[in-house]
Every structure is written in C-alpha cells, then in structure tokens.
Amino acid sequence: MSEQRLGILGGMGPQATQDFYQRILDRTDASCDQEHLPTLIWSDTSMPDRTAAILGGDAEGCYRRLLDGARLLERGGCTALAIPCNTSHYFADRLQGDIAIPLIHMPRETVGVLAADGKKRAGILATDGTVQTGIYQRECAARGMEGVTPPADVQKLVMSIIYDEIKRGEKGSREKFAAIDRWLRASGCDAAILGCTELSVYRTYHGLPDYYLDAMEILAERCITACGYRLRMV
C-alpha cells in the first residue's frame, strides 16, 4: 500500500487552518510521530474572500485559485484533499471534477452525521456566502432534513463574530453568541451546524454543548479515517 498523504488547502483563514490541523493531531490514535498522518498544508492567505467573490461577481477567479492550490497538493503526492472553509464548498463538486484525488466534502459529511442521529431541523450558522448559495440547505434537503437560516438581524451577529472578531484575532463575543443561541432554540431547531471555520475557532475558545455540530471537527475525523488511520476516542 502506498503512503497516504493528506493535503490541506487552507489560509481561509489562517487561524482556522491551524485549528484544523491541531484537531487532526488530537483525534489521531497515535503514540509517536510515525503513527501520525503525513500531511501537506498549503495556507494560501492570498485567496480572495469567498463570500465577497461568490456574491460580488468574481467567483471564477476564486475558483481558479482554489483549483491551483488543489493541483499543487495533488502534485505533492497527496492522496486526499481537505478544505477547512465551508463557503469554498460552493465550488466543491466542480473542483472534484477537475482533480484526480478525492475531496472530503465537509458540509456533506456534517449533514450526514446529523441525519444518522435522527435530527430533523438544523440551524445553519455560516457566512452570507454559504447561507445565500444554499450549500447546507441542499445537503439537508437531500437527507430529508430542514436547514434553517437566521433572519437578517441574527445573521448580522453571526457575520460580526466571524469577520469583526475571529478573523481579527479576537476570541468572539459570548453576548452575541448567546443571542444567536436564543434564536436557534426559539425556532425549534433540534441541532445547529457550526458551518464556518471561524465559528469552529469560537468553539475552541469557549466550548459549546453537543447541540452544536462542528463541521470542522467532522472534517478532521473523516480525514483521519479516509486515510486509513484510527481515531482516538474522546
């Protein structure tokens, strides 16, 4: 069997990429260096903002940059690809068609976990780009679930935590998140998806109950098992 090698196309943002790789290390059942998953990380911090590109009209330029990064990792001998950025999965199926190695699809894997747990109505916390392009709503519908997106005032709080706080190196406002949590529970959601990697970083800083399913955590687990490595039980 040839060596498995994970490619991480990151930099969207850099803090989320670092958090993602740490989760892979933490969740791998390894007792020495040699038992960890060989990994190449391309942190392309010059990648255009995905929300701005998709909603603002330069989606093609953003896609070409993603494809260049994916092919760079493919040429580097990677046998599987992970992109710890939910909004970029707007391009995921197209990207998979242009590369030869499997792309582990973060939103699809995440919704699959909720469906297997019997969840019916999931709140989607994500960027405007992810929400408005329906990335998670489509995956939920395909599994017979309802994907619920916040009203404008609550979505502004989500975006503020992502862009005004986490991407600027802050830890994120508990008060803003508490208001989001109140809306989710009042809306009858039986689960909520942390569908932005900056919200995954928020969870790392503050901790959140199991009501919240962290898409980046699911991606980390799937990367480990897809490459033939064992998960450490937590």
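Does Glu217 satisfy the condition of being among the charged types (D, E, K, R) and touching a residue at least 60 places away in the same chain (Cβ under 8 Å)?
Answer is yes for this residue.
Spot the failing condition for Val113; the list is (1) under 24 Å from Arg203 (Cα atoms); (2) not assigned by the TED database to the domain that holds Gly195, and only one is missed.
Failed condition: (2).
Give the number of residues within segment 27-82 that are under 17 Å from the mean Cα position of the chain (by Cα) and charged (D, E, K, R).
Selection size over segment 27-82: 4.
So, in segment 31-65, of the ones that are closer than 20 Å to Leu231 by Cβ and acidic (Asp, Glu), which residue ends up most open to solvent (accessible area, probe 1.4 Å)?
My answer is Asp33.
Do you know which residues across segment 1-30 are open to solvent by 40 Å² or more (accessible area, probe 1.4 Å) and touching a helix residue (DSSP H, G or I) at 6+ places or on another chain (Cβ under 6 Å)?
The answer is Gln15, and nothing else.
To keep it simple, each residue is scored yes or no on (1) free of Cβ contacts under 8 Å to residues at least 12 places away in the same chain; (2) of a type in the set (Lys, Arg); (3) under 19 Å from Asp214 (Cβ atoms).
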| position | (1), (2), (3) |
| --- | --- |
| Ile41 | no, no, no |
| Ala59 | no, no, no |
| Asp68 | yes, no, no |
| His89 | no, no, yes |
| Ala100 | no, no, no |
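Find the residue count for segment 199-217, including only residues that are open to solvent by 10 Å² or more (accessible area, probe 1.4 Å) and under 21 Å from Leu81 (Cα atoms).
Number satisfying all stated conditions: 1.
Of a type outside the set (A, V, I, L, M, F, W, C), assigned by the TED database to the domain that holds Ile166 and more than 16 Å from Gly7 (Cα to Cα): is that true of Arg64 in this structure?
no
Checking Leu231 against (1) of a type in the set (A, V, I, L, M); (2) farther than 30 Å from Gln34 by Cβ; (3) open to solvent by 30 Å² or more (accessible area, probe 1.4 Å); (4) touching a Ser or Thr at 6+ places or on another chain (Cβ under 9 Å), which single condition isn't satisfied?
Tallying (1) of a type in the set (A, V, I, L, M); (2) farther than 30 Å from Gln34 by Cβ; (3) open to solvent by 30 Å² or more (accessible area, probe 1.4 Å); (4) touching a Ser or Thr at 6+ places or on another chain (Cβ under 9 Å), Leu231 fails exactly one: (2).
Of the conditions (1) over 24 Å from Ile218 (Cα atoms); (2) of a type in the set (Asp, Glu); (3) assigned to a loop (DSSP other than H, G, I, E, B), Glu3 satisfies every one except a single condition; which number is it?
(1)
Quick one: count up the residues across segment 66-76 that are surrounded by fewer than 20 Cβ atoms within 10 Å (Cβ to Cβ) and assigned to a helix (DSSP H, G or I).
Looking only at that region, the number is 6.
Those residues that are over 19 Å from Glu165 (Cα atoms), part of a loop (DSSP other than H, G, I, E, B) and not charged (D, E, K, R), I need them from segment 195-225; list them, please.
Pro209, Tyr211
May I ask you to verify whether Pro48 is of a type outside the set (Val, Ile, Thr) and touching a residue at least 24 places away in the same chain (Cβ under 8 Å)?
no
Scanning for something within 18 Å of Gly172 (Cβ to Cβ) and polar (S, T, N, Q), does segment 214-232 turn up at least one residue?
Looking through segment 214-232, none of the residues is within 18 Å of Gly172 (Cβ to Cβ) and polar (S, T, N, Q).
The values are calculated or read from the model by the stated rules, or taken from the named source; none is laboratory data. Predicted model only: the values in this text are computed from it and were never measured. Cβ atoms come from the backbone with ideal geometry, glycine included; neighbour counts cover every protein chain shown. These accessible areas exclude ligands, DNA and RNA; they are computed on the full protein's heavy atoms, side chains included. Shrake-Rupley method; radii C 1.70, N 1.55, O 1.52, S 1.80 Å.
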